[in-house]
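Report on the following structure.
Every read-out reported here was derived from the displayed coordinates using simple, explicitly stated rules and does not represent laboratory data. Predicted, not measured: the structure shown is a model, and the values here were computed from it. Cβ atoms come from the backbone with ideal geometry, glycine included; neighbour counts cover every protein chain shown.
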Amino acid sequence: MTIDRSIEEPCEATSLTHGFEAERRGRPLRLGSELFRRLQATGLPLETSSGGRTKYNRSRQKLPKTHWLDAACVGASTPDVLQTAEVFPWRILAEGHGRRKMCNTNDLGFPISHRKRRRRYYGYQTGDLVRAVVPETLACRGTHVGRVMVRATGRFDLTTKEGRVQGVPHRFCRAVGRNDGYSYHQGMQEALSTPSAFQGAAIPPSLGR
């Protein structure tokens, strides 16, 4: 487990070489955060490093600037060559648990619908990840995987990577994951060493397909 020391302490380095040299000379570690203490309490191997060394390791291998690649480049244990060509990172986005808005309004600001007292219908609530296999006899036929928007009528809307699917009956839906306030996506192949390699990078099959 690695942690970038530049997150927890003020950066005093004016350049990449300055930051690297400051760490090489044994600059004292001044991590006093609760996060660092809790990570130490787990007993797992923990390595810290300055932002200068992290940038040095990443720049030396010509890797793009991303959070997960920075985490892989923290510390002296970073190998000379990182095998990242087949790595597809997870993108986790905070979506929240709903809104405090009590009604929907039209373009003029007049209320057109009000918030219901119930949040769950037919065992689902808005934001759940579901998989729907709809027979050919319905207009929304096909297999759809995405976030559900519940309705009291029992006909839900699904937001998938292809777009929005309306009028999906609840009896054809199966829960894949409950709404926990986050959305999860598998990112593209971003860790390739050369910029030209980004062209034509394929997106892996989506979750549940």
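Please report the net charge: other residues with Cβ closer than 13 Å to the Cβ of Ser113, K and R +1, D and E -1.
Surrounding charge for Ser113 is +4.
Taking H as built 1.01 Å from N, whose amide H comes closer than 5 Å to the amide H of Asn179, not counting residues under 5 places away?
Correct list: Asp128, Leu129.
Please give me the summed charge of the neighbours of Asp128: other residues whose Cβ is under 14 Å from its Cβ, Lys and Arg +1, Asp and Glu -1.
Its environment carries a net charge of +4.
Cross-link candidates for Lys101: which lysines have Cα within less than 30 Å, leaving aside residues fewer than 8 places away along the same chain?
Straight-line reach from Lys101, under 30 Å: Lys116, Lys161.
Most exposed first by the Cβ proxy, i.e. fewest other Cβ within 10 Å, how do Met102, Met149 rank?
Met102, Met149
What is the sum of charges, Lys and Arg at +1 and Asp and Glu at -1, for the other residues whose Cβ falls under 14 Å from the Cβ of Arg99?
+4
About its Cα centre, how strong a charge dipole does the stretch 94-183 have in debye, to the nearest 20, once Lys and Arg get +1 and Asp and Glu get -1 at the Cβ?
440
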